[in-house]
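Down below is the structure, laid out as structure tokens.
Coordinate-derived values only; no laboratory data. Predicted, not measured: the structure shown is a model, and the values here were computed from it. Counting neighbours? That spans all protein chains shown, and the Cβs are built from the backbone with ideal geometry, glycine included.
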């Protein structure tokens with residue numbers, strides 16, 4: 001089995017690329033989905049996050065409001081606000097990484113030749129990249145990130161720019177990610193162009209997974 005980390009900055013198109021790999025036969029899991037599950041009421045991570053960030057991040061039904069949590073973690077929009085992203089990551093990342101490892105182990109038990117891809121924004125920032133056999137970085141132009149964020153959240157460009165820049169401040173720049181990448185996918189063009197790059201890379205991953213299994 002080949003363990004692959006799929007990463008990139010905010011709104012770079014990681015999830016789209018992950019879906020393309022899945023269509024070709026890769027096993028794909030999203031760290032964001034893992035974190036969402038771990039922060040459901042009754043889970044230990046939920047208790048820790050609420051204890052640290054307060055009940056103001058909760059919906060009336062007790063579920064964590066992810067937008068409120070993001071606002072609390074990234075320091076709000078006021079000038080001079082302090083980011084608490086590292087604090088949040090310390091609570092969530094160990095459990096997310098542990099779940100990723102368990103998932104990859106299960107994939108490997110079921111198929112020794114599998115290509116197991118973990119899509120996560122902070123693989124490098126969390127110091128987790130060495131857990132993978134290969135790292136793929138997805139990139140795009142800075143303005144595209146803002147346009148995509150605005151379209152995804154249906155907000156104006158000014159609001160999107162402020163939020164993207166705020167979140168990017170908690171991530172390594174693409175230039176640093178690319179230094180450790182085994183493969184780089186430029187998602188600045190059309191979906192067909194991105195799909196072509198994915199189609200070129202996937203057979204190489206499959207071959208590497210088979211080689212590692214022998």
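Worth a mention:
- Compared with the dominant principal axis of the Cα atoms in the chain, helix 191-213 is inclined by about 60°.
- Between residue 55 and residue 19, the modelled labels are 3.9 nm apart [label points 7 Å from Cα along Cα→Cβ].
- Degrees between helix 142-153 axis and first principal axis of the chain (Cα, 0 to 90, nearest 10): 70 degrees
- Degrees between helix 44-53 axis and first principal axis of the chain (Cα, 0 to 90, nearest 10): 40 degrees
- Of the residues 159, 15, the one with the fewest other Cβ atoms within 10 Å heads the list, and the complete ranking is 159, 15.
- Take every Cα pair under 8 Å whose residues are at least 6 apart in sequence, average their separation, divide by the length of the chain, and the relative contact order is 37 percent.
- Length added when fully stretched, residue 141-residue 157, from 0.36 nm per residue minus Cα-Cα: 4.2 nm
- Net lengthening on full extension, residue 110/residue 188 (0.36 nm per residue, minus Cα-Cα): 24.5 nm
- Alpha-carbon Debye profile of segment 154-214, log10 I(q)/I(0) at 0.14, 0.26, 0.28 Å⁻¹: -0.66, -1.05, -1.07
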